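Since the structure comes first, as structure tokens, the remarks are kept for the end.
Bear in mind that the values in this text are calculations on the coordinates, not laboratory data. All values derive from a computational prediction rather than experimental measurement. Virtual Cβ from ideal backbone geometry, glycine too; neighbours counted across all protein chains shown.
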Amino acid sequence: MPPPPRASVTDTARVLAAILAPSVGQGPILRRPWALGLVDRLDSDRRAVGLVQQLRASHGDAPLLLAVPGRSVLLLLTAAQVREVLEGTPEPFTPASSEKVAALAHFQPHGVLISRGAVREDRRRFNEAVLDANLPVHHLGEHVVRIARDEVGALVSVSRFAHDFGWEEWHAMWGRVVRRVVLGDDARGDAELTGLLDTLRGDANWAFLRPRRRAVRERFEERLHVHLDRRQPGGLASVLPEISAGPDTDPAGQVPHWLFAYDAAGIASARALAVLATHRRERERVQEEIRSSADEPAPVLPFLRACVLESLRLWPTTLVILRETTADTAVAGRAVPKRTTVVIHSSSFHRDSETLPYADRFEPDVWLDGRAREEWSLVPFSGGPARCPGRDLVLLTTSAVLAGVLERHDVGLAAGRRPEPGRPLPHSLDHTRLRFDLERRR
């Protein structure tokens, strides 16, 4: 079996500059606002998509082995390769790559994403059970929707006096939603818990290069356990004692990942709101869907969920999906050695105009009519056996929050890059610069 083609030093340098450096620079675990602005100005994601298209034209459909000294790094170039690797998870393509372990161990050393073997299998089962994986509405769904309505109501109430709100206000509101959904209502005001986690996530951006701050993590875990020990009805924490756990599962050790992963959903929902603010036809369709489901305590809102998924396609919050080979194996009929880092650059597939006719426009219907399901290049929640078990809970939460805003208001985009209909949408959308104004609907 032949090995994959090897990239030249020049092509490797181009991949590092256009794909890996911007992904690391933005902050894979906690976003760096200054880097987001730089990536936005340089249009880095558009350059990355073009580079992958060029490499595919030059090297064919085989994955590309980068010329990285002392490392085996494989860049995937086609959707078929993405499918092969994601369906081959966790063996021989483990999500617990050395880079990911070094990063996430700063705040979730027992998380399922960096676990292997039987321990991973049990932690995965536990996560799926708590999060009601693959159920459109979580069994705590009515409570989740009530939380969303409460917090959006508070945001809108303040915004009536200020006439608008921006990312800072949205992010604070989202943090309250997440703490209540995960830990219970008493955690609503515990911004210190989120601050401690953000400190650890900032360290995690540096992975191997930043020593672990044991004292900070211990303080974070102390505050976390205060909330977990309350077992408040309605929060995910209340479900933990109901699910069987093995000796190494560490139920409490799974919670930091839920708090961390939920943060990306706040970014995706803000970007979705920006698109709906500028796309009147889709916004009106969302508002009609909200009206028609007004009597449901926890509505599914499929079109609004599709808008969130489309936001994640256009501007992925998981910039790069990593896998690491656990044994000598093959990708696309090419021999790949053990301990190879496999790189899937999300935007290069989500915005590939050579394979997706809707690559650069807002097309939420692809998530409803089967087109997205047939495309393994579209993996906003990853794919295969390691697909995010919280996918449906995240979509329930984001759609409930957006519905709370749009139910009685039209939204305008007051600041930030405008994703205009009828024109190719930008490849980057700096969510920290977004600002919205509200107009109450009559």
Next item on the list: Rank-order 352-358, 318-324 by packing density, defined as the average count of other C-beta atoms within 10 Å over each peptide's residues, highest first.
Entry: 318-324, 352-358
Notebook entry, point to check: For A415, which sequence-distant residues (separation of 5 or more, or a different chain) have an amide H within less than 5 Å of its own amide H, given hydrogens modelled in the peptide plane?
Noted result: R435
Note to self: How much of the DSSP bridge set in the chain is antiparallel, in percent, rounded to the nearest 5?
What the structure shows: 80 percent
Note to self: If amide hydrogens are placed 1.01 Å from N in the peptide plane, which non-local residues have theirs closer than 5 Å to the one on T329?
What the structure shows: V336, K338
Notebook entry, point to check: Is any helix in the chain, taking whole DSSP H runs, at least 15 angstrom long along its axis by alpha carbon and on average at least -0.5 on the Kyte-Doolittle scale, and which ones?
Noted result: 141-162, 167-183, 191-204, 255-278, 302-314, 391-406
Notebook entry, point to check: How high is the relative contact order of segment 9-440, in percent, with contacts defined as C-alpha pairs under 8 Å that are six or more residues apart?
Noted result: 27 percent
Notebook entry, point to check: Between R230 and E420, what length in nm is gained on full extension when 0.36 nm per residue of separation is reduced by their alpha carbon distance?
Noted result: 63.7 nm
Notebook entry, point to check: Does segment 245-297 classify as rounded, prolate or oblate by the C-alpha gyration tensor (a ≥ b ≥ c root eigenvalues; a/c under 1.5 gives rounded; else a/b over b/c gives prolate, otherwise oblate)?
Noted result: oblate
Checklist line | segment 317-398 - charge dipole about Cα centre, Lys and Arg +1 at Cβ, Asp and Glu -1, debye rounded to 20 | finding: 400 debye
Checklist line | Virtual spin-label span in nm between S58 and R280, 7 Å along Cα→Cβ | finding: 4.6 nm
Notebook entry, point to check: Along the Cα-to-C-beta direction of Y358, a point sits 7 Å from the Cα; which residues of segment 250-272 have their amide N less than 18 Å from that point?
Noted result: 272
Next item on the list: Enter the mean projected area of the convex hull around the alpha-carbon atoms of segment 316-442, in nm², rounded to one decimal.
Entry: 10.6 nm²
Checklist line | Amide hydrogen neighbours beyond the local backbone of G166, cut-off 5 Å, H modeled | finding: F436
Next item on the list: Lys and Arg at +1, Asp and Glu at -1: add these up for the other residues within a Cβ distance under 12 Å of D150 and post the number.
Entry: +3
Next item on the list: Normalising by the residue count of segment 284-442, find the relative contact order in percent from Cα pairs under 8 Å and 6+ residues apart.
Entry: 24 percent
Next item on the list: Rounding to the nearest 20 debye, state how big the charge dipole of the chain is about its Cα centre with +1 on each Lys and Arg Cβ and -1 on each Asp and Glu Cβ.
Entry: 980 debye
Next item on the list: Would you calculate a helix-derived [θ] at 222 nm for the chain, using -39,500 (n - 2.57) for each DSSP H run of n ≥ 4 and dividing by the full residue count, to the nearest 500?
Entry: -15000 deg cm²/dmol
Check: If packing is taken as the mean number of other Cβ atoms within 10 Å per residue, what is the order of 297-305, 265-273, 68-76, highest first?
Finding: 265-273, 297-305, 68-76
Checklist line | Projected area, mean over directions - the chain, Cα convex hull, nm² | finding: 20.4 nm²
